[in-house]
Amino acid sequence: MPKYIALLRGINVSGQKKIKMADLRVHLSDLKLGDVQTYIQSGNITFESPAAPEGHLAATIKGKILEAYGFEVPTLVVSSEELQHVAVGNPFPQAAAADPARMLVTFLETVPEVEAAKAFTRLSFPDEHFELKGKAVYLHCPKGYGRAKLNNNFIERKLKVPATTRNWKTILKLLEMTGQAQP
């Protein structure tokens with residue numbers, strides 16, 4: 001059965017939108033998702049499901065969270081193969097190996113429109129390196145992501161696409177959890 005990764009945005013941050021991962025696993029199992037596993041409290045979920053469009057799976061999970069918890073949570077779903085493709089396509093492999101906490105990927109819900117992508121790729125910030133590839137923005141922030149201008153909200157605003165960001169350590173763990181090879 002195909003494996004997927006659900007990436008939830010904005011949960012368990014500063015006491016807002018609290019979701020216990022053990023409870024979430026039960027709720028998602030109610031949806032007949034198989035082998036539901038979570039990684040850390042920030043909303044990283046791996047699961048198996050019969051082949052379905054990723055947008056449909058995201059909407060189903062988002063609906064279940066709304067039903068169970070009473071609030072909406074932006075949800076992106078990627079296949080394990082897509083995650084592998086993103087990992088292999090990293091244009092900053094030395095940065096990822098040297099300091100995986102300062103190497104990040106912003107996952108986009110859809111490929112941005114051409115004009116928005118062109119304007120975005122012309123941006124430049126000191127000590128921030130990035131590359132847009134399809135539905136992923138690769139970020140290397142040597143001074144740390146907490147100080148980065150290229151944060152998730154900025155990227156969403158500029159590209160006009162919902163997004164969520166994960167560091168390289170999380171990406172490697174999700175690859176492991178879905179049985180994909182690490183780059």
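The values are calculated or read from the model by the stated rules, or taken from the named source; none is laboratory data. The structure displayed is predicted, hence computed values, not measured ones. All Cβ positions, even for glycine, are placed from backbone atoms using ideal geometry, and neighbour counts span all protein chains on display. Just so you know, the surface numbers come from the protein's heavy atoms only, side chains and all, with ligands and any DNA or RNA stripped out. Shrake-Rupley method; radii C 1.70, N 1.55, O 1.52, S 1.80 Å.
General observations
- Positive-end ranking of 22, 39, 153 along the dipole of the chain, with charges on Cβ about the Cα centre, is headed by 153.
- Residues in the stretch 146-157 carry Karplus couplings, in order, of x, 9, 6, 6, 7, 8, 4, 4, 4, 5, 4, 5 Hz; the curve used is 6.51 cos²θ - 1.76 cosθ + 1.60 with θ = phi - 60°, and Gly or Pro positions show x.
- Accessible carbon and sulfur surface of the stretch 132-173 relative to its total accessible area, %, 1.4 Å: 48
- Relative contact order for the stretch 55-119, counting Cα pairs under 8 Å that sit 6 or more residues apart, in percent: 20
- At q = 0.15, 0.16, 0.22 Å⁻¹, base-10 log of I(q)/I(0) for the stretch 2-57 (Debye sum, equal scatterers on each alpha carbon): -0.42, -0.47, -0.84
- Accessible surface area normalised per residue over the stretch 9-78 is 51 Å², counting heavy atoms of protein chains with a 1.4 Å rolling probe.
- The residues of the stretch 123-169 present an accessible area of 53 Å² per residue when probed at 1.4 Å with all protein chains retained.
- Of all stretches in the chain that contain no GluC sites (Glu not before Pro) in a DSSP loop with at most 12 other Cβ atoms within 10 Å, the longest one is 1-71.
- Computed per residue of the chain from DSSP H runs no shorter than four, each worth -39500 (n - 2.57), the mean residue ellipticity at 222 nm is -10500 deg cm²/dmol.
- As an equivalent ellipsoid, the stretch 59-155 spans semi-axes of 26, 16, 15 angstrom, where each value is the square root of five times an eigenvalue of the C-alpha gyration tensor, largest first.
- Trypsin sites (Lys or Arg not before Pro) restricted to the stretch 82-183 and DSSP loop, no more than 16 other C-beta within 10 Å: 122, 143, 149, 160
- For the residue pairs 133/160; 135/173; 18/143; 18/133; 3/149; 143/169, the alpha carbons lie more than 27 Å apart in 18/143; 18/133; 3/149.
- Helix axis angle, 21-30 relative to the chain longest principal axis, alpha carbon, degrees: 60
- Simple Cβ-charge dipole of the chain, Lys/Arg +1 and Asp/Glu -1, about Cα centre, in debye nearest 20: 540
- Net charge dipole size for the stretch 1-89 [Lys, Arg +1 and Asp, Glu -1 on Cβ; Debye, nearest 20]: 300
- Based on C-alpha pairs under 8 angstrom that are at least 6 apart in sequence, the chain has a relative contact order of 23 percent.
- Carbon plus sulfur fraction of accessible area for the stretch 1-56, probe 1.4 Å, in percent: 53
- Our Cα-only numbers for the chain put the radius of gyration and Dmax at 16.0, 47 Å.
- FRET efficiency, 1/(1 + (r/R0)^6) with R0 22 Å, evaluated for residue 54 and residue 26 via beta carbons: 0.45
- Acute angle (nearest 10 degrees) that the helix 168-177 long axis makes with the longest principal axis of the chain, alpha-carbon atoms: 40
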